[in-house]
Amino acid sequence: MPPSSDTGQNAANIRLEGVSHRFGQTDVISDVSLDIADGEFVALLGPSGCGKSTLLRILAGLQEQTIGRVLIGERCVDGLPPRTRGVGIVFQNYALFPHMTALANVAYGLEAVGISRAEALVRARDALAGVQMTPFGERKPRALSGGQQQRVALARTLAIGPRILLLDEPLAALDKNLRLDMQLEIRRLQRALRITTVMVTHDQEEAMGMADRIAVLNAGCVEQFDTPEAIYDRPETLFVANFVGAANMLEAELQGGPEGFRLHLADGTLDLAKPAPASRPGRVQASIRPEHWSVAPADGEGPTATVSIVTPLGPSALVDLVLSDGRPCRFSFPRAQGVHLTPGDQIRLGLQPGAAIRLFV
Ligand SMILES: Nc1ncnc2c1ncn2[C@@H]1O[C@H](COP(=O)(O)OP(=O)(O)OP(=O)(O)O)[C@@H](O)[C@H]1O
């Protein structure tokens, strides 16, 4: 294991206080405040250009913010370079020295901070063992796969014993299966070391699968900072509902009464599960996830739709529908339910019991 870490004693919390950043006349980060706990794994998730990498670079000390403060371990680190902040960074492109072996790459970083060669080699071997790369220590990067190179890069960063681990799209260059393996590997290491970690990704499944909490960014602002479950089940903004997971956005009129709440769509109505939504009656955008739908009895009141495409996806099936007013809509269900749909079928839609429909004004 890397030196610092088995105890997690060096971990630190991170606090961003009202951080904003401008490049020239352009606001790239707008008033971001985040509290990240000791040992927590946080993903910064958002579309290309929303400011994720800039925020990570500000945390690292590679970019100085225009306004606001960054605290690591309750200490303001503004103006301090990366090394003094105790941060370690892993980038997408590994950045290994091609002429050095894996072991030498890891040891180099240690020698660079003043550790003797003999001690650096011992620590480098430990760090490579921590990422299960012991058998590959004498290979040069070109003789390693992308995943193996990324493990070496991770070992090189962790060997220094940083208090904070920053990951900038670390898995983006890997193919899907390898990415899944590495997600598990990084998560395992992060938990074992209890190192506070912030990872930039535009891949929502990666964020969902790895992070304790996700900060969803849009145009430099944090739209929501919450657990993966809450981000998915209770998106707080239209942007989050649209960006995370698939959602059907349907215009509707919400009516409320003593009996509960009903959504009036273009050609049908849906009764909403209790407890009643916080929204007030009136025009709303209803965010209905594909898995919220069910096939309702033909004489029900829900909207009607025509099946256009059925896509089996292993355990579930995804169905593209066209609602009777011409709008497209998606429905998914576990294939084990034994529902058989074929293109051209007319169905009536209902809601799964307890489906958490989100309403936006
Ligand atoms: N050094 C710079 N000078 C001027 N503008 C910059 C600079 N670095 C980034 N930007 C701009 O700031 C905005 C945010 O960039 P950033 O790289 O932080 O986004 P991102 O969310 O990480 O995007 P991606 O997922 O595509 O990497 C973009 O519009 C980008 O063009």
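The angle between the Cα long axis of helix 117-130 and the main principal axis of the chain comes to about 20°, on a 0 to 90 degree scale. Using a probe of 1.4 angstrom and keeping all protein chains present, the accessible surface of the chain works out to 46 square angstrom per residue.
Relative contact order, whole percent, for segment 18-169 stands at 23, derived from Cα pairs under 8 Å and 6 or more residues apart.
Quantify, in whole percent, the carbon and sulfur part of the accessible surface of the chain (1.4 Å probe; protein heavy atoms only). Don't skip to the answer; put the middle values down first.
Numbers: 8650 of 16630 Å².
Answer for the chain is 52 percent, counting heavy atoms of protein chains only.
What is the helix-to-structure angle for 176-193, meaning the angle in degrees between its Cα long axis and the longest Cα principal axis of the chain, kept from 0 to 90 and rounded to the nearest 10? It works out to around 60 degrees. Amide hydrogen proximity for residue 90: with H placed 1.01 Å from N in the peptide plane, the residues at 5 or more positions away or on another chain lying under 5 Å are 166, 167, 168.
May I ask for the percentage of alpha-carbon pairs in segment 246-360 that lie more than 18 Å from each other? Walk me through the intermediate numbers first.
Working: 3097 of 6555 pairs.
When every Cα pair of segment 246-360 is considered, 47 percent fall beyond 18 Å.
Would you work out if segment 174-221 is rounded, prolate or oblate? Take a ≥ b ≥ c from the square roots of the eigenvalues of the alpha-carbon gyration tensor; rounded if a/c is under 1.5, else prolate when a/b is larger than b/c, oblate otherwise. Oblate.
Once you sort the root eigenvalues of the Cα gyration tensor of segment 4-106 as a ≥ b ≥ c, which label holds: rounded (a/c under 1.5), prolate (a/b larger than b/c) or oblate (the other case)?
Working: a/c = 1.94, a/b = 1.32, b/c = 1.48.
Note, shape of segment 4-106 comes out oblate.
Note that segment 40-46 has calculated 3J(HN,Hα) couplings of 7, 10, 10, 9, 9, 10, x Hz, one per residue in order, obtained from phi through the Karplus relation 6.51 cos²θ - 1.76 cosθ + 1.60 (θ = phi - 60°); glycine and proline are x. Near the amide H of residue 218, within less than 5 Å, lie the amide hydrogens of 223, all on another chain or at least 5 residues away, with H placed in the peptide plane. Beyond 25 Å, what percent of the Cα pairs of the chain remain? Summing the P(r) tail past 25 Å for the chain gives 61 percent. The solvent-accessible area of residue 28, taken with every protein chain present and a 1.4 Å probe, is close to 30 Å².
Please state the shape class of segment 28-82: rounded when a/c is under 1.5, otherwise prolate if a/b exceeds b/c and oblate if not, all from the C-alpha gyration tensor. It is oblate, given that a/c is not under 1.5 and a/b is not larger than b/c. Based on C-alpha pairs under 8 angstrom that are at least 6 apart in sequence, the chain has a relative contact order of 16 percent. Where only DSSP H runs of four or more residues are counted, the chain gives -7000 deg cm²/dmol as its mean residue ellipticity at 222 nm, each run worth -39500 (n - 2.57).
With a cap of 15 neighbouring Cβ atoms within 10 Å, and only residues DSSP puts in a loop, list the GluC sites (Glu not before Pro) found in segment 35-109. Walk me through the numbers on the way to the answer.
Numbers: sites: 40, 64, 74; in loops: 40, 64, 74.
When the GluC sites (Glu not before Pro) of segment 35-109 are filtered for loop state and at most 15 Cβ neighbours within 10 Å, 64, 74 remain.
Counting only DSSP beta bridges with both residues in the chain, what percent are antiparallel, rounded to the nearest 5?
75 percent
The values are calculated or read from the model by the stated rules, or taken from the named source; none is laboratory data. Only a predicted model underlies this, so the values are computations on that prediction, with no experimental measurement involved. We place every Cβ from the backbone using ideal geometry, glycine too, and count neighbours over all the protein chains shown. Calculation scope for accessible area: heavy atoms of the full protein, side chains included, ligands and nucleic acids excluded. Shrake-Rupley method; radii C 1.70, N 1.55, O 1.52, S 1.80 Å.
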